[in-house]
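The values are calculated or read from the model by the stated rules, or taken from the named source; none is laboratory data. All values reported here derive from a predicted model rather than from experimental measurement. Here the Cβ positions follow ideal geometry from the backbone for every residue, glycine too, while neighbour counts run over all protein chains shown. For the accessible areas, the whole protein counts, side chains as well, though only heavy atoms, and no ligand, DNA or RNA atoms are used. Shrake-Rupley method; radii C 1.70, N 1.55, O 1.52, S 1.80 Å.
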Amino acid sequence: MAKHPITAAPKVNIARAVLGATIIASALGGHAATANADTPTGVAAATAAKHPTAAIAAHKAGASTDHSEETKVNVTASQVLALAKAQVGTSENASGGGTKFQQWYANSQRAAETVARDGGNRAAYLNAAWCSMFVSWVGEQTGARPQVGWDAYTVAHAKWFAANNRFGTLAKPGAVVFFSWSGSKDISDIQHVGFVVKDNQNGTISTVEGNTGNGKVEERTRPKSQVVGYGYPEYAA
């Protein structure tokens, strides 16, 4: 589970997603504690409790400054899922970093853009929660990134799909699925992200996700009640 510099503070209900506040926390410093996108609060809530003004600013920035441009790609959902599944078992190190997904993102053009948006520096991504970085990496490596999107902040990633009118409630293979463990349907409450493998037609979906509770890429079965919504890349037929 990715670790982030945070300090203990009372629980508050501010910016419970993944990275907007996390980057700020790394710049401000603090004591190390385990936090992960696959937990009910994650690091951003603890950081927001300590620095609520900064957290809210980062959250608003993530909602308003991303580009909504996209281009068509010649990549299928099956190709994206095949690469995502091939990463199953990839694990972070004891510090919550060391994955190729974090390393790639920290060195990407997008990291420079999101640092400008959220604050901090590129190095902060190296040990940050990486579920959205995993999704972004798969998109990049398959050539589907213009449709899959790229971000390290789950809320901003979801809002990019919404800005392109490709966010909804139907589970489809290859869709990017966004979760809130509380069952909230508010995009601002998103805490985790992965890919849909299939709808099991029994109230659950099969997924492949990075940065699970075990700090790995894993295949999971998730209840639809925890899904905020789905982003729909326009894959090739």
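Answer yes or no: is there a residue in segment 194-203 that is without any contact (Cβ under 8 Å) to a residue 60 or more places away in the chain and open to solvent by less than 20 Å² (accessible area, probe 1.4 Å).
Yes, the conditions are met somewhere in segment 194-203.
Which of the residues belonging to segment 112-137 are in contact with a strand residue (DSSP E or B) (Cβ under 9 Å, 6 or more places away or on another chain) and open to solvent by less than 10 Å² (accessible area, probe 1.4 Å)?
A128, A129, C131, S132, F134, V135
A quick yes/no check of all residues on (1) of a type in the set (D, E); (2) assigned to a loop (DSSP other than H, G, I, E, B); (3) touching a residue at least 60 places away in the same chain (Cβ under 8 Å); (4) out of contact with any Pro (no Cβ under 6 Å at 6 or more places or on another chain):
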{"position": "E113", "(1), (2), (3), (4)": "yes, no, no, yes"}
{"position": "F134", "(1), (2), (3), (4)": "no, no, yes, yes"}
{"position": "Q147", "(1), (2), (3), (4)": "no, no, yes, no"}
{"position": "L170", "(1), (2), (3), (4)": "no, yes, yes, yes"}
{"position": "F178", "(1), (2), (3), (4)": "no, no, no, yes"}
{"position": "G183", "(1), (2), (3), (4)": "no, yes, no, yes"}
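Which residues, counting only those in segment 216-232, are crowded, with 24+ Cβ neighbours inside 10 Å and in a loop (DSSP other than H, G, I, E, B)?
V217
Tell me which residues, restricted to segment 149-168, are surrounded by 23 or more Cβ atoms within 10 Å (Cβ to Cβ), aliphatic (A, V, I, L, M) and part of a helix (DSSP H, G or I).
Of everything in segment 149-168, those that are surrounded by 23 or more Cβ atoms within 10 Å (Cβ to Cβ), aliphatic (A, V, I, L, M) and part of a helix (DSSP H, G or I) turn out to be V155, A156, A158.
Pull up segment 204-213, narrow it to residues that are modelled with pLDDT of 95 or more and not acidic (D, E), then point me to the one that is surrounded by the most Cβ atoms within 10 Å (Cβ to Cβ).
Ranking the qualifying residues of segment 204-213, first place goes to G210.
Scan segment 151-164 and tell me whether some residue there is of a type outside the set (A, V, I, L, M, F, W, C), modelled with pLDDT under 95 and more than 12 Å from the chain's Cα centre (by Cα).
No - not one qualifying residue is present in segment 151-164.
Which one is most open to solvent (accessible area, probe 1.4 Å) among residues in segment 86-111 that are assigned to a helix (DSSP H, G or I), of a type in the set (S, T, N, Q) and over 27 Å from E234 (Cβ atoms)?
Applying the filter and picking the extreme gives Q103.
If a residue must be more than 22 Å from A129 (Cβ to Cβ) and among the acidic types (D, E), how many such residues does segment 188-237 contain?
The total comes to 2.
Take Y125 and decide whether it is outside any loop (DSSP other than H, G, I, E, B) and either of a type in the set (S, T, Y) or touching an Asp or Glu at 6+ places or on another chain (Cβ under 7 Å) (or both).
Judged against the criteria, Y125 is a match.
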